[in-house]
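The structure appears below as structure tokens.
The values are calculated or read from the model by the stated rules, or taken from the named source; none is laboratory data. What you see is a predicted model, and the numbers here were worked out from it, not measured in a lab. No Cβ is skipped: glycine too gets one built from the backbone with ideal geometry, and neighbour counts run over all protein chains shown. SASA here: full protein model, heavy atoms, side chains in, ligands and nucleic acids out. Shrake-Rupley method; radii C 1.70, N 1.55, O 1.52, S 1.80 Å.
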Amino acid sequence: MAAPAPSSRTVSAIRFADVTAASGISLLNHSGDRRKLSILDSLGNGACWIDYDNDGLPDLYVTNGSTLANLQAIAKGQPGELADGRLYHNLGHGRFEDVTAQSGIRFAGWEMGCTVGDYDNDGRDDLFITGVGHNALFRNLGGGRFQDVTAAAGVRGGGWSTSASFADLDGSGRLDLYVARYVDYDVLDPPRFGLQCGRQGVPVFCGPLGLPGSHDLLYRNNGDGTFTDISRQAGIDAGPPHYGLGVVVFDADGDGRPDIYVASDSTPATLWHNDGHLRFTDTAGLAGVAFSGDGREQARMGVDVGDIRNDGHFALVTTNFSSQTYSLFEPVAPGFYQDDTFAAGIGAATLPYLGWGVGFRDFDNDGWLDLFAADGHVYPQFDEYHVDSRYEQPKLLFRNLGDGTFASVGAQAGPGMNNAVSSRGAAFADFDNDGRVDVFVNNIDAQPQLLRNVTPGGHWAAFKLIGTKSNRDAIGALVWLQTARGTQMRLVHDDGSYLSAGDLRVHFGLGAETRIESVRVRWPSGLVQEFHRVPSDRIVTLVEGRQPQ
């Protein structure tokens, strides 16, 4: 049963306040040359919400870039500089403290993105950072300290890694690790800016087309603190390499096994169907999500999934290059999708924008998932030539109207949404636990933005899931919430968006309802559990196999 039509529900304008200055989050992003003379300079960075001290307040890790000269020094065996990523401890009341120095998190070179998961099931969330040339895994030791276990765990990787995801892909109760990779980029002989590469008559940097792509990486969790690279035997390196950017893991065909969708830049997207026993087959073309609805390759950056119709099925959204529109794919049968971008009302509205971080979240607590996207171009030269797209762009916000369509409402959502910057990663969390989903945005070569959701009204409920037989974070769990208005569904996941990870707690808007009839959870172990007498307007912890106290 779906929620009521828009005419019968209270409408509140979604509003965000930019609270960055008061928050103490002050990291300046550094992504190579500001003139963007190389593709390396253009992709920016992400961020991850991680409650590393289990105090119920989401903390934040923000990744940062570096310089080509630093990467070249490292490639030559010289000492390299540390990336200036930062760990911010959430002090409550909207304040954060930089605790990087004492955390033990150190990354030499150029960070890209990050993801979060309790890979060793010890009750503390760990941090995985992707980068150019290598990746790093930091085990949470407690007490605000992390240990670099990359070498011991066997996940250093190589090449140019972008987004990553922790997910239990084989039902073992342990989190495996998927890592998307971009191009095969030689830092000692990089393609450069010049007249030989151009777009719309404007001389710009070269790539990615013409550069060799990379195969992604898949690591199996061995259960003893180590991982094994099973990319080849899993089938992940079958077929031509792509330019992987965004990653989201979800059950795309309802067979009970998590699949992997990779948004690729200027090449067909990949949907790795989970065949069982850690074997995968690319079914993106058959499923209808490899290309646009008219069969075109698109330059995809960010990705997310959500039950936008409250019908128990996941829609898939990707942010794409300017002049291509975003893409919204909706299921028409198990494992098959159609392109509903224009039918949903987000086609023409996204045409001028180059999108990155993206997420389906219920920002106004009306029981329907809205859509947020961070935008910004890769060519600052466009501003000099006055072409059809600007380098610095506002963020976009689409309100779910409850009938399969969205309305663009970003222009009315506050100055933090409308000031033009070139944004990249976006990470979602209710950082102040007030029942409204907030957004952190990492802006390239600029200060980031912490956007606090100040939308009035709307009841809510949020749940932190703890697995016992399942992985501790319950990543991959499905949660259904039932009220008199209908049923909503959420997925527990640490991926999506772009180079970023959101809060692992799942959030539901309830509108005017205060009574929750039931909450049903399908844990990754396969256990289905129903909870009753669940209170609204608070965060509730649900433990696998137990009833809440």
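Below is a table of values for the structure above.
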| read-out | value |
| --- | --- |
| Check on residue 169, modelled with pLDDT of 95 or more, open to solvent by less than 40 Å² (accessible area, probe 1.4 Å) and assigned to a loop (DSSP other than H, G, I, E, B) | yes |
| Residue satisfying condition, being open to solvent by 40 Å² or more (accessible area, probe 1.4 Å), touching a strand residue (DSSP E or B) at 6+ places or on another chain (Cβ under 8 Å) and either closer than 30 Å to residue 64 by Cα or among the hydrophobic types (A, V, I, L, M, F, W, C) (or both), within set 515, 520, 505 | 505 |
| Selected residue (only one of 455, 468, 514 is farther than 30 Å from residue 31 by Cα, part of a loop (DSSP other than H, G, I, E, B), out of contact with any Phe, Trp or Tyr (no Cβ under 9 Å at 6 or more places or on another chain) and not small (Gly, Ala, Ser)) | 514 |
| The lone exception for residue 441 - which of (1) open to solvent by less than 10 Å² (accessible area, probe 1.4 Å); (2) β-branched (Val, Ile, Thr); (3) closer than 27 Å to residue 330 by Cα; (4) out of contact with any strand residue (DSSP E or B) (no Cβ under 7 Å at 6 or more places or on another chain) it fails | (4) |
| Residue satisfying all of: in the range 466-496; of a type in the set (Gly, Ala, Ser) and open to solvent by 10 Å² or more (accessible area, probe 1.4 Å); farthest from residue 437 (Cα to Cα) among these | 484 |
| Matching strands (runs of 3 or more DSSP E) fully within the range 80-155 where at least 3 residues are under 26 Å from residue 223 (Cβ atoms) and either among the basic types (Lys, Arg) or in contact with a helix residue (DSSP H, G or I) (Cβ under 7 Å, 6 or more places away or on another chain) (or both) | 136-142 |
| Pair list, Cβ under 8 Å, 6 or more apart: the range 21-37 residue part of a loop (DSSP other than H, G, I, E, B), other residue open to solvent by 80 Å² or more (accessible area, probe 1.4 Å) and modelled with pLDDT under 95 | 37/192 |
| Residue match in the range 338-360 (condition: buried (at least 24 other Cβ atoms within 10 Å of the Cβ), in contact (Cβ under 8 Å) with a residue 12 or more places away in the chain, in contact with an Asp or Glu (Cβ under 8 Å, 6 or more places away or on another chain) and of a type in the set (Gly, Ala, Ser)) | yes |
